[in-house]
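Notes follow once the structure below has been shown.
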Amino acid sequence: MATTSRKRPARSANNSEELLGYYRQMLLVRRFEERTAQAYTEAKIGGYCHLNLGEEATVVGLMAAIEERDYLFTNYRDHGYALIRGMDPGRVMAELYGRQDGVSKGWGGSMHLFDTDVRQLGGYGIVGGQLPLAAGAALAVNYRDGDEVVMCQMGDGTTNIGAFHETLNIATLWDLPIVFVVVNNHLGMGTTVEMSSAEPELYRRASSYRMESARVDGNDVIAVRDAAKVAVERARKEQKPYLLETVSGRLRGHSVVDPAAYRSKEEVEEVRAQDPVAGLHDRLVAAKVADAGQLAEIDADVHRIVKAAVEFADKSPAPEVSSLFDYTYASPVPNDSRRLPADPLFPVGA
């Protein structure tokens, strides 16, 4: 019988170096995303662009719980995961710019960050599109008698998509080593979870599929890490799926162009008061792990990394139009169309 829990897991010991490392990673996500928003207004980035601002503790905590051999699938809000998973910041920024040196050679953009070297297999623009694919990867792990775990991240709105229920159902039936993570930022675009979900405590939905689940404070990087480790350990050792819900607000609108006019002034102030980066800063100072000057030095170093990423992306060339269809299929497919929009349907003179 599945159980659900809202209790915070017992914390493992943390040393100063580890905490400062988490703070640096959270700052990297914060500064990178702030610079991404700026680049969008400068028309250097096009298309849809969704930021992890406000979700830094969740991103870093989740990535601390999985190992290099494990696989990661995310939704379109994927920049922070790519950075902490190990993708080079310059190549990530180049991908956002749509340049050749990007992780997807400029053809994926913001929502489709993909790098087999770090086993992050997307970045998916379709809500819920990553869930069946992640289950397929977990099935492949089972088929090969592997000990890897698949982590599949999604937003709260995905829990109302058919693929969510279908995938959780089959994950339990087939004992798949997969951890589903619902990042609940309280809003599916502009609609609150309470207005769209009959059961707003989303982790409880796992009980329908006899799946273990838990809910954790997504603004606390240690709490997220420890809860995710429990989930990953169960998936790895017992070959059982797990659903983890992390709760944290987003500091901006749904995407870069969303002014979030649906939020009241009080709601905005409440989210800002729970800022996980500022919160960890204050905790580190209060615990005498570091003083404000040391943390400022970390911030300055992160700024240099982000600046270098921007410079790398600016210098990277745009993809050749002739390469547009090069990555449509993994292997050659007979009669695949390579027509560009302006090309005639039939050769002239045919």
Out of all the residues in the stretch 206-258, which are hydroxyl-bearing (Ser, Thr, Tyr), open to solvent by less than 10 Å² (accessible area, probe 1.4 Å) and within 21 Å of residue 168 (Cβ to Cβ)? 213, 246
Identify, from the list 89, 132, the residue that is more than 13 Å from the chain's Cα centre (by Cα) and within 28 Å of residue 313 (Cβ to Cβ). 89
Could you check the stretch 189-205 and list, in sequence order, the residues that are assigned to a loop (DSSP other than H, G, I, E, B), without any contact (Cβ under 8 Å) to a residue 40 or more places away in the chain and either in contact with a helix residue (DSSP H, G or I) (Cβ under 8 Å, 6 or more places away or on another chain) or open to solvent by less than 50 Å² (accessible area, probe 1.4 Å) (or both)? 199, 200
Which condition number in (1) open to solvent by less than 10 Å² (accessible area, probe 1.4 Å); (2) in contact with a strand residue (DSSP E or B) (Cβ under 9 Å, 6 or more places away or on another chain) is the one that residue 94 fails? (2)
In the stretch 260-283, is there at least one residue being hydroxyl-bearing (Ser, Thr, Tyr) and under 22 Å from the mean Cα position of the chain (by Cα)? no
Given the condition closer than 29 Å to residue 263 by Cβ and among the hydrophobic types (A, V, I, L, M, F, W, C), answer yes or no: does some residue in the stretch 165-179 qualify? no
Considering only the stretch 143-173, state which residues are over 20 Å from the mean Cα position of the chain (by Cα), surrounded by 15 or more Cβ atoms within 10 Å (Cβ to Cβ) and more than 16 Å from residue 130 (Cα to Cα). 172
Of the residues in the stretch 118-136, how many are open to solvent by 20 Å² or more (accessible area, probe 1.4 Å) and not β-branched (Val, Ile, Thr)? 8
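Of the residues 127, 103, 60, 92, which is in contact (Cβ under 8 Å) with a residue 24 or more places away in the chain, in a loop (DSSP other than H, G, I, E, B) and β-branched (Val, Ile, Thr)?
None of the other options fit; the residue is 127.
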Is it the case that residue 299 is open to solvent by 70 Å² or more (accessible area, probe 1.4 Å) and either part of a helix (DSSP H, G or I) or modelled with pLDDT of 95 or more (or both)? no
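The values are calculated or read from the model by the stated rules, or taken from the named source; none is laboratory data. On a predicted model such as this, the values are computed, not experimentally measured, just so you know. Cβ coordinates were reconstructed from backbone atoms using ideal geometry, including for glycine residues, and neighbour counts include every protein chain displayed. Just the protein is used for accessible areas: all its heavy atoms, side chains included, with ligands, DNA and RNA removed. Shrake-Rupley method; radii C 1.70, N 1.55, O 1.52, S 1.80 Å.
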